[in-house]
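Peer 1: Quick one: structure below, then a few questions.
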Amino acid sequence: MSSHGAPTFTVDASGVRVAIIASLWHTEVMDGLIGGAHQACTEAGAVATLIRVPGSFELPIVAKACASSLDYDVVVALGVVIRGGTPHFEYVCSATAHALAQVALDFLVPVGFGLLTCDTEAQALDRAGLPSSSEDKGLEATQAALLTWQTLSGIAGEQSR
């Protein structure tokens, strides 16, 4: 299980505006990921807005729109791509991952990376945060983005002294 050794932390993100951008593909998996993202926002006091996109490849452009709008402090991108018999998997996963990282760097807005890249649907379900899942990647991606926001806020606060 990849969450072995995961840090424990508390984030106070009261009033932080979070855009949760989620793919429409693989409904059951996405419902779990979205639930975990909402849970993380609620626990931290953040205000979440859910935005749906057709697929994982569309996550970066909407993430960029949210990050550049100044309406959101944090962006969380949630999607799932399951390997098939063609190179499509590699193209979508690679392009999406690189583009989401670029959004964070270009706009200094934390982007939670909740894109599951799995070989099988069973692997995706096991990471979706469902009652039968061993992991909750929607929760983890959102917590990571909120903690990054907290870290960046501390840096900005120190620079204004």
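Peer 1: Looking at (1) buried (at least 17 other Cβ atoms within 10 Å of the Cβ); (2) charged (D, E, K, R); (3) closer than 19 Å to ASP31 by Cα, can you tell me which one ASP73 breaks?
Peer 2: Exception for ASP73: condition (3).
Peer 1: Also, I was wondering about something else. Restricting the search to the stretch 92-109, which residues are in contact with a strand residue (DSSP E or B) (Cβ under 8 Å, 6 or more places away or on another chain) and either aliphatic (A, V, I, L, M) or buried (at least 23 other Cβ atoms within 10 Å of the Cβ) (or both)?
Peer 2: Filtering the stretch 92-109 for residues in contact with a strand residue (DSSP E or B) (Cβ under 8 Å, 6 or more places away or on another chain) gives 92-93, 96-97, 100-101, 103-104, 109.
Within the stretch 92-109, VAL92, THR96, ALA97, LEU100, ALA101, VAL103, ALA104, VAL109 qualify.
Peer 1: Another one. Against the condition surrounded by fewer than 22 Cβ atoms within 10 Å (Cβ to Cβ), free of Cβ contacts under 8 Å to residues at least 12 places away in the same chain and either of a type in the set (S, T, N, Q) or not in a helix (DSSP H, G or I) (or both), how does THR49 come out, does it pass?
Peer 2: Working: surrounded by fewer than 22 Cβ atoms within 10 Å (Cβ to Cβ): yes; free of Cβ contacts under 8 Å to residues at least 12 places away in the same chain: no; either of a type in the set (S, T, N, Q) or not in a helix (DSSP H, G or I) (or both): yes.
Criteria not met by THR49.
Peer 1: Further, regarding this structure: Check whether at least one residue in the stretch 111-125 is within 13 Å of the chain's Cα centre (by Cα), within 20 Å of ALA67 (Cα to Cα) and in a loop (DSSP other than H, G, I, E, B), and report yes or no.
Peer 2: no
Taken together, the values in this text are just the output of simple stated rules run on the coordinates, not laboratory data. The structure displayed is predicted, hence computed values, not measured ones. Quick reminder, even Gly has a Cβ in these numbers, built from the backbone with ideal geometry, and neighbours come from all protein chains shown.
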